[in-house]
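See structure below.
The values are calculated or read from the model by the stated rules, or taken from the named source; none is laboratory data. Small disclaimer: the values here were computed from a predicted structure and weren't measured. All Cβ positions, even for glycine, are placed from backbone atoms using ideal geometry, and neighbour counts span all protein chains on display. The accessibility values were calculated without ligands, DNA or RNA, using every heavy atom of the protein model including side chains. Shrake-Rupley method; radii C 1.70, N 1.55, O 1.52, S 1.80 Å.
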Amino acid sequence: MDISYPADVEAFRDEVCAVLAEELPSDWQGIGAIASRSEAQAFARRWRASMHRRGLLGITWPERYGGRGLSKLHQVVLVEELAKAGLTFGEHTDLFGIKMLGSTLLRWGTEAQKERFLPRILAGADRWCQGYSEPDAGSDLASLQTRAVLDGDEWVINGQKIWTSEAHHANWIFLLARTVPEAPRHKGISFLLCPLDQPGIDIRPIRQLAGEPEFNEVFFTDARTAAENLVGPVNEGWSVAMTLLGHERGEEAATNPILFRAELDRLFVLARERGRHRDPLIRQRLAWCYGRVEIMRYLGYRILTQSLQDGDIGPAASIAKLYWSEYHVKATELALDIEGLAGLAPRGRPPLRAVRTDDPGAPNSTGSWLGAFVNARAGTIYAGSSEIQRNIIAERVLGLPPR
Ligand SMILES: Cc1cc2nc3c(=O)[nH]c(=O)nc-3n(C[C@H](O)[C@H](O)[C@H](O)COP(=O)(O)OP(=O)(O)OC[C@H]3O[C@@H](n4cnc5c(N)ncnc54)[C@H](O)[C@@H]3O)c2cc1C
């Protein structure tokens with residue numbers, strides 16, 4: 001494994017650093033340091049627009065769709081520099097639009113779909129959410145019951161999705177629907193793109209433990225989408241869905257450790273601030289966290305190397321997902337133990353997003369750590385629960401017999 005970066009990638013790093021120096025205010029301390037939630041959100045929106053204007057969104061996509069045709073390594077360097085500068089990559093719906101759907105359309109979309117949707121995703125004109133889970137179909141996604149029937153030149157959709165993150169901020173949803181109800185479970189499913197702003201769709205926010213309603217129930221009652229909004233072959237949506245899940249589970253393996261390392265540095269400071277850094281049991285747990293984050297970093301390098309060589313990370317995505325999410329539960333529990341009773345009366349705003357660590361630059365406030373603690377639980381569920389990741393690792397990595 002060679003962990004140095006080639007010259008053209010380092011040149012790109014210089015470009016990113018120059019953009020950051022030009023675009024950020026001189027007293028910039030990181031998005032987490034903005035005390036008001038609404039101001040932090042407003043900054044995230046402005047920053048996203050700057051990234052688009054400076055050509056830093058969708059950099060791995062071909063130029064004809066608004067990208068720059070750069071490599072995954074360039075993307076890693078971009079996220080590295082953003083994390084170091086206390087910035088996140090895009091807004092929350094970009095996870096679904098750029099990372100998941102964009103990458104999936106490049107693999108499965110028709111030329112017309114790519115030309116129509118990809119530039120609009122980068123411009124922020126379309127904001128996407130993910131309609132996979134249903135009340136009786138989560139880990140067992142193939143149990144999904146939402147139906148779509150072709151009526152002339154439109155699909156008519158009926159059913160319900162749940163836990164749909166950001167649907168209340170999105171104007172499109174990609175969803176899985178059963179198009180041949182009597183077919184075997186993984187067959188007869190199609191992958192559809194559907195506009196949300198129509199009378200047949202009802203979005204009802206669900207308030208999470210952390211306090212904000214970040215996900216929703218989405219009800220479809222004779223909702224309609226054009227026939228050409230089918231991605232991949234009809235009734236073969238399962239393969240498309242799995243391509244997308246690979247992007248959801250894997251690509252951040254190399255950049256997550258940067259965020260977790262920054263969070264851990266904050267935890268060290270917290271232990272000192274609260275006078276707990278000499279407590280042998282706290283020290284032992286801090287040392288455990290340090291070892292885990294270092295291992296996560298090398299695991300990330302290994303997965304990145306594999307992805308650059310083979311183009312696909314396969315079940316390694318499950319190893320990375322299981323590793324960071326289980327680590328994060330323990331690290332945030334430690335933060336709350338260090339805080340003691342003060343943690344029960346949180347002060348300061350919670351994280352802007354319910355995924356991973358609090359935003360870079362966040363203060364060592366009880367509000368920040370309690371939010372991260374609650375979000376860490378969600379991390380062991382979304383994008384495939386820990387038990388499901390263990391099943392994948394057991395069967396596809398270790399070769400154990402199927403359940
Ligand atoms: C914060 C958050 C955001 C989310 N956002 C989205 C979104 O935007 N779009 C979307 O479609 N979904 C989203 N989800 C849903 C998520 O994908 C599901 O919650 C997840 O797949 C688990 O499904 P479930 O909740 O139905 O639990 P279940 O599948 O019912 O699982 C319940 C428990 O049983 C365990 N279990 C289930 N099957 C097995 C098995 N075979 N072996 C061992 N243990 C098993 C699970 O690990 C879990 O502990 C989100 C979830 C969260 C928490």
Lys and Arg at +1, Asp and Glu at -1: neighbours of TRP61 with Cβ under 10 Å from its Cβ sum to +2
Amide H contacts of ARG353 (H built 1.01 Å from N, under 5 Å, at least 5 apart or other chain): ASP359
With a ≥ b ≥ c from the Cα gyration tensor eigenvalues, square-rooted, and the rule rounded for a/c under 1.5, otherwise prolate when a/b > b/c and oblate otherwise, region 105-148 is prolate
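For region 136-185, what is the accessible area per residue in Å², given a 1.4 Å probe and the full set of protein chains? Provide the component values of the computation, followed by the final result.
Values: 2210 Å² over 50 residues.
Per residue, region 136-185 has 44 Å² of solvent-accessible surface.
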Below 8 Å between Cα atoms, with a sequence gap of 6+, how large is the relative contact order for region 97-151 in percent? 25
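Calculated FRET efficiency, ASP197 and GLU228, Cβ-Cβ r, R0 22 Å, to nearest 0.05?
The value I calculate is 0.75.
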Rounded to the nearest 10 degrees, what's the angle between the helix 111-123 long axis and the longest principal axis of the chain, both from Cα atoms, 0 to 90? 30
Once both label points are put 7 Å beyond Cα along the C-beta direction, the ARG53-LEU400 separation in nm becomes 5.3
Given a 1.4 Å probe and every protein chain left where it sits, what share in percent of the accessible area of the chain is carbon and sulfur? 54
Positive end of the dipole of the chain, charges at C-beta (+1 Lys, Arg; -1 Asp, Glu), about the Cα centre: which of TRP155, ASN171, PRO135 has its Cα farthest in that direction? PRO135
Give a residue-ordered list of calculated ³J(HN,Hα) values for region 33-38 (Karplus: 6.51 cos²θ - 1.76 cosθ + 1.60, θ = phi - 60°; whole Hz; x for Gly, Pro). 7, 6, 5, 8, 4, 5
Given ALA345, ILE381, TYR298, which one lies farthest toward the positive end of the charge dipole of region 291-392, if we put +1 on the Cβ of every Lys and Arg and -1 on the Cβ of every Asp and Glu? ALA345
Would you grab the residues whose amide H sits under 5 Å from the one on LEU70? Only those 5+ places off in sequence or on another chain, please, with H modelled 1.01 Å from N. THR60, TRP61
In degrees from 0 to 90, rounded to the nearest 10, what is the angle of the helix 237-250 Cα long axis to the longest principal axis of the chain? 10
Report the FRET efficiency, 1/(1 + (r/R0)^6), for ILE206 and ARG278, where r is their Cβ-Cβ distance and R0 is 60 Å, rounded to 0.05. 0.90
Residue by residue through region 184-197, what is 3J(HN,Hα) from phi via Karplus (6.51 cos²θ - 1.76 cosθ + 1.60, θ = phi - 60°)? Round to whole Hz and write x for glycine and proline. x, 3, 8, 9, x, 10, 10, 9, 10, 10, 9, x, 8, 7
Angle between the chain longest axis and helix 280-310 axis [Cα atoms, degrees, rounded to 10]: 40
Count, lysine Cα pairs under 30 Å in the chain, 8 or more residues apart or across chains: 19
